[in-house]
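Notes for the one structure printed next.
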Amino acid sequence: MSDMNMVALMGRITRDAELRTTASGKSFVRFSIAVNRTRKQGEEYVSIPSFFNLFHFGKAAEGIFPYLKKGQLVAIQGHLEQRAWEQQGEKRSSTEIVIEKLNLAGWRRDAGLPPPAGEFDGETGAALEEETFLDNPEGYSDIDFF
């Protein structure tokens with residue numbers, strides 16, 4: 001059996017995304033999401049957040065960047081990557097999620113931006129035509145991804 005490296009998450013953006021460029025000129029966005037899970041403690045249910053750092057590269061990053069604002073609900077599919085570096089003689093590492101597909105879940109028409117095209121392919125930047133989540137006349141999208 002071969003190895004598998006796949007992540008699927010849905011959560012809210014914790015701060016506005018940053019659009020950056022690599023030394024080789026490739027665009028990427030960086031942002032974090034909070035994903036809550038519920039656990040019973042005694043007689044009450046409590047929400048426990050987990051925070052994840054995400055990266056999205058290429059043309060898709062440039063196209064989706066204006067929509068990646070604090071509080072926006074997103075659904076992502078991607079893979080884990082680990083980075084290692086040395087800082088002031090101390091070894092450091094970080095595990096991050098590289099996005100392959102991203103959906104804006106719960107996008108609102110009154111957000112001040114034109115509607116996004118739906119799901120974005122992380123390699124080509126093209127909007128995927130199979131599903132769009134902006135058909136709801138109430139202004140909110142239905143969530144049905146993967």
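Take the cross-link list K26/K101; K26/K70; K69/K101 and give me the ones stretching past 20 Å between alpha-carbons. Spell out each step's value before the answer.
Values: K26/K101 18 Å; K26/K70 24 Å; K69/K101 17 Å.
Flagged as over cut-off: K26/K70.
Report the GluC sites (Glu not before Pro) located in region 7-110 that are in a DSSP loop and have at most 16 other Cβ atoms inside 10 Å of their Cβ, or state none. List each step's numbers first, then the result.
Working: sites: E18, E43, E44, E62, E81, E86, E90, E96, E100; in loops: E43.
Those that pass, being in a loop and sparsely packed, are E43.
Please report, in whole Å, how far the alpha carbons of region 1-61 spread along each principal axis, starting with the longest.
Cα spread of region 1-61 along its principal axes, largest to smallest: 54, 39, 16 Å.
FYI, it's all coordinate maths here, none of it is from the lab. Only a predicted model underlies this, so the values are computations on that prediction, with no experimental measurement involved. Counting neighbours? That spans all protein chains shown, and the Cβs are built from the backbone with ideal geometry, glycine included.
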